[in-house]
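Would you mind keeping the following structure in view while I ask a few things?
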Amino acid sequence: MQKRVRKAVFPVAGQGTRFLPATKALPKEMLPIVDRPLIQYAVDEAREAGIEEFIFVTGRNKSAIEDHFDRSFELERSLSEKGNTEALNAIRELVLEPGQISYTRQQSPLGLGHAVWCARHLIGDEPFAILLADDLILARPGCLKQMIDLHAEIGGNLVAVEDVPREQTDRYGILDVTSDDGRIASAKGLVEKPKPADAPSTLSIIGRYILQPEVFEKLSTAKPGAGGEIQLTDAMARTIPDIPFRGLRFDGKRYDCGNRAGFLEASVAFALDRPDMTERVKAMLKKYV
Ligand code: G1P
């Protein structure tokens, strides 16, 4: 039996430079897709997967995220006085139980690996999930739930993967695949953002991970990798001799909200997916194409 995955880390310290000026005063994770901020989709996906503890690795200018997941007494009172139960439920539902959320700060922007390492004491000695809110995934059940169900059977380290065009390998962590049954791939190595000509495959890591705590030891002694940053991919690669590393081609569609076009596509896809909006959005899109 594998230990149950109860905790999830949300690295949200990035500066969001690709979305300036929108992200000058607003964390990029608070940019909305339809009517919820990106980070809420990630938190909801984790809740659906049975996660009980939510650990945010934040940075400067990120207090809007804390406010978002907190109660808002004034707003609740005024909505309740107006009898606006729909809006009231929408803000009440997103608040987690007291003590379920913790925040720790990544004091310097040293990379994703370093951000995850900042959460080491809050995770302790158990397997945990990582969700990168930039990768927004439309899936039923959610991507993390699919992964947690599989992880309960096979354990090890598990990431979500997707095949990408070869010219894009330099945007992702890439698996050096040993076996692949079309759904689950095993890897003997990982490379962060290889040039297309050097990439060992085109199977790329998407921002969902379930990792054994041993990765923290590797992160403690990590050296800067691609882009001069402490890379999570490098630390995961160093666990491979001891811990099986697998990628799951999840059922669902992933949107890269780390760039403007991907963000816009996600907005359209998520609006079309909302039964109360589908027809209106379709009619609207027809006007433009
Ligand atoms: C990070 C990881 C990379 C992974 C990607 C998924 O890169 O370092 O391995 O493939 O997320 O979105 P970033 O997008 O932060 O550059």
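The values are calculated or read from the model by the stated rules, or taken from the named source; none is laboratory data. This is a predicted model, so every value here is computed, not measured. Ideal geometry is used to build each Cβ from the backbone, glycine not excepted, and the neighbour counts take in all protein chains shown.
For ALA185, state whether it is under 23 Å from ALA115 (Cβ atoms), in contact with a Gly (Cβ under 8 Å, 6 or more places away or on another chain) and at pLDDT 95 or above.
Criteria not met by ALA185.
Hey, another quick one. Report the residue count in region 129-159 for those that are within 20 Å of PHE54 (Cβ to Cβ) and surrounded by 19 or more Cβ atoms within 10 Å (Cβ to Cβ).
Qualifying residue count for the region: 19.
Applying the selection to region 54-79, what residues are touching a Leu at 6+ places or on another chain (Cβ under 8 Å) and surrounded by 17 or more Cβ atoms within 10 Å (Cβ to Cβ)? Give the derivation first.
From region 54-79, those touching a Leu at 6+ places or on another chain (Cβ under 8 Å) are 54-55, 64, 68-69, 76, 79; that's our starting set.
Scanning region 54-79 gives PHE54, ILE55, HIS68, PHE69, LEU79.
With the requirement that a residue be away from the ligand (no atom under 13 Å from the Cβ) and acidic (Asp, Glu), what does region 160-175 give you?
Within region 160-175, GLU167 is the sole residue that qualifies.
So, in region 193-226, exactly how many residues are charged (D, E, K, R), within 15 Å of the ligand (Cβ to nearest atom) and within 20 Å of ALA129 (Cβ to Cβ)?
2
Could you check how many residues of region 195-215 are surrounded by 20 or more Cβ atoms within 10 Å (Cβ to Cβ) and outside any loop (DSSP other than H, G, I, E, B)?
Residues meeting the conditions: 10.
For region 172-194, what are the residues that are touching a Ser or Thr at 6+ places or on another chain (Cβ under 7 Å) and either of a type in the set (S, T, N, Q) or surrounded by fewer than 17 Cβ atoms within 10 Å (Cβ to Cβ) (or both)?
If the condition is that a residue be touching a Ser or Thr at 6+ places or on another chain (Cβ under 7 Å) and either of a type in the set (S, T, N, Q) or surrounded by fewer than 17 Cβ atoms within 10 Å (Cβ to Cβ) (or both), then THR178, SER179, SER186, LYS188 are the ones that fit.
I've got another one for you. Looking at region 120-128, is at least one residue among the basic types (Lys, Arg) and within 20 Å of GLU214 (Cα to Cα)?
yes
Now a separate question. Could you check, for region 80-87, whether at least one of its residues is touching a residue at least 12 places away in the same chain (Cβ under 8 Å) and surrounded by fewer than 22 Cβ atoms within 10 Å (Cβ to Cβ)?
The answer is no; no qualifying residue exists.
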